[in-house]
Amino acid sequence: QQQVKQSPQSLIVQKGGIPIINCAYENTAFDYFPWYQQFPGKGPALLIAIRPDVSEKKEGRFTISFNKSAKQFSLHIMDSQPGDSATYFCAASLDTGTASKLTFGTGTRLQVTL
Amino acid sequence: EAGVTQFPSHSVIEKGQTVTLRCDPISGHDNLYWYRRVMGKEIKFLLHFVKESKQDESGMPNNRFLAERTGGTYSTLKVQPAELEDSGVYFCASSQMSSGANEQFFGPGTRLTVL
């Protein structure tokens with residue numbers, strides 16, 4: 001049973017567009033929701049993260065929107081650039097105070113074209 | 001400061017052989033995690049060390065997998081004997097020992113192919 005569902009599987013947008021990647025989770029005990037960005041040949045790197053006490057968080061061109069009642073969260077990339085082409089993973093974890101494991105979605109391969 | 005390093009970057013072995021993967025976490029990070037991504041699927045948790053102790057090994061698929069972290073520094077993950085379904089990319093991650101923020105830093109992964 002997949003606890004974090006991610007869509008779409010792949011996405012192509014033009015430069016300047018706003019790709020949106022969606023995730024839904026099952027476990028209401030999750031309270032930390034990071035997004036990771038992965039370039040080919042590299043490991044995933046933390047991009048931005050949110051906790052459920054806020055509905056939105058912005059860092060530069062990246063925004064997370066969080067809907068606790070719907071158990072959904074999404075990543076928006078404003079003014080997307082070709083350099084944003086990568087695989088994006090949403091994740092969730094329990095904040096047990098002992099640095100618990102991450103539960104990932106299946107990933108979205110984003111391509112930003114010129 | 002060096003990031004998380006993993007060795008080898010690629011490994012191709014025959015079914016039934018043994019492979020050992022190594023992870024060197026960021027210096028000073030007490031938490032060390034192993035994850036695996038099978039092609040096209042999610043990155044799945046395997047286990048979590050705090051220093052040299054196994055905190056959570058609920059994701060280990062079966063007893064063909066053995067992870068160690070002697071001395072609380074680097075870790076090894078041994079697969080013996082390897083099966084076809086063990087193919088995938090194995091990631092190691094580390095984080096500081098603290099509550100709250102849980103930023104895990106990932107290595108580049110080891111791509112394992114079992115033929």
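The values are calculated or read from the model by the stated rules, or taken from the named source; none is laboratory data. No experiment lies behind these values; they were computed from the predicted model shown. FYI the Cβ positions are ideal-geometry reconstructions off the backbone, even for glycines, and counts take in every protein chain you see. Accessible surface is based on the protein model in full, side chains and every heavy atom, while ligands, DNA and RNA are left aside. Shrake-Rupley method; radii C 1.70, N 1.55, O 1.52, S 1.80 Å.
Against the conditions (1) open to solvent by 60 Å² or more (accessible area, probe 1.4 Å); (2) touching a strand residue (DSSP E or B) at 6+ places or on another chain (Cβ under 9 Å), A:G41 satisfies every one except (2).
Can you confirm whether the stretch A:13-27 contains a residue that is on the phi > 0 side of the Ramachandran plot and either more than 14 Å from every other protein chain (Cβ to nearest Cβ) or not in a strand (DSSP E or B) (or both)? So far as the stretch A:13-27 goes, yes, one or more of its residues are on the phi > 0 side of the Ramachandran plot and either more than 14 Å from every other protein chain (Cβ to nearest Cβ) or not in a strand (DSSP E or B) (or both). Annotation note: of A:L75, A:L47, the sole residue that is within 28 Å of B:G88 (Cα to Cα), in contact (Cβ under 8 Å) with a residue 24 or more places away in the chain and either open to solvent by 30 Å² or more (accessible area, probe 1.4 Å) or out of contact with any strand residue (DSSP E or B) (no Cβ under 9 Å at 6 or more places or on another chain) (or both) is A:L47.
Residues in the stretch B:67-93 that are outside any loop (DSSP other than H, G, I, E, B), hydrophobic (A, V, I, L, M, F, W, C) and more than 21 Å from B:D30 (Cβ to Cβ): B:V79, B:L84, B:V89. Scanning the stretch A:35-86 for residues that are away from chain B (no Cβ under 12 Å) and of a type in the set (D, E, K, R) turns up A:D53, A:E56, A:K57, A:K58, A:E59, A:R61, A:K68, A:K71, A:D79, A:D84.
Residues being within 17 Å of B:E103 (Cβ to Cβ), within 13 Å of another protein chain (Cβ to nearest Cβ) and surrounded by fewer than 18 Cβ atoms within 10 Å (Cβ to Cβ) are represented in the stretch B:3-14 by at least one member.
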